[in-house]
Amino acid sequence: MTPLTKTLFGSAYARASTVIIPAAVLLIAFGSASAQTARRGAVQPSGDEESALFQDYRGVQLGMTAAEVRKKLGDPKDKGDEQDFFVFNESETAQIVYDKTQKVITISADLLTAGDKVPTAKQVFGGDVEAKADGSMYKMIRFPKAGYWLSYNRTGGNSPLITVTLQKIQ
């Protein structure tokens, strides 16, 4: 910087910096805090109820033993100590995850067809879930008192994939 530039712009530049930089820092801080709050609220609404309407899948509930699950659902296509994978037909599968004591901690069912055997979001949550323009839906609710969360996910299109998941809160 030349002596003339310092004289003409130095003090104005310094004054502008002392105002602009703190203002930018405040905008960034408040902007990211409100965005994080909005994201948390939208993704994980909290359940005021003690538990959800949807509490089991084909009679399988969280906390059951692997032996009890296999007695209810039959032999899994893929059997393991940590999880079992069941294929009921070409349009319905389920994944059951176990903890170290062989108790169910996650139940996730995938259904490829629509129909009266496929649960709707209203049947899962007791209320409607707003669909997006492409027909897709997503909702997750935590039930802290019951110790689990429940989610419903439906892809868009003519042949949607619906996934309903119950998982123990760790």
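Derivation of every value follows stated rules applied to the coordinates shown; laboratory data play no part. This is a predicted model, so every value here is computed, not measured. Note that each Cβ is placed from the backbone with ideal geometry, even for glycine, and that neighbours are counted across all protein chains shown.
Of the trypsin sites (Lys or Arg not before Pro) found in the stretch 103-135, those that fall in a DSSP loop while having at most 13 other beta-carbon atoms within 10 Å are 117, 132. Computed extension length for residue 123-residue 91: 9.6 nm, one decimal, from 0.36 nm per residue of separation with the Cα-Cα distance subtracted.
For the stretch 87-170, the list of GluC sites (Glu not before Pro) that fall in a loop by DSSP and count at most 13 other C-beta atoms within 10 angstrom reads 90, 130.
Would you mind working out the magnitude of the charge dipole of the stretch 98-143 relative to its Cα centre, with +1 at each Lys and Arg C-beta and -1 at each Asp and Glu C-beta, to the nearest 20 Debye?
Values: 7 positive and 6 negative charges, 52 e Å.
Dipole of the stretch 98-143, to the nearest 20 debye: 240 debye.
For the stretch 54-170, averaging the sequence separation of C-alpha pairs within contact (under 8 Å, six or more residues apart) and dividing by the residue count gives a relative contact order of 21 percent.
A simple rule links phi to the HN-Hα coupling: the Karplus curve 6.51 cos²θ - 1.76 cosθ + 1.60 with θ = phi - 60°, which for the stretch 64-74 gives 5, 7, 4, 4, 5, 4, 5, 5, 6, 9, x Hz, with x for Gly and Pro.
Summing Lys and Arg as +1 and Asp and Glu as -1 over all other residues whose Cβ lies under 13 Å from the Cβ of residue 137 gives a net charge of +1.
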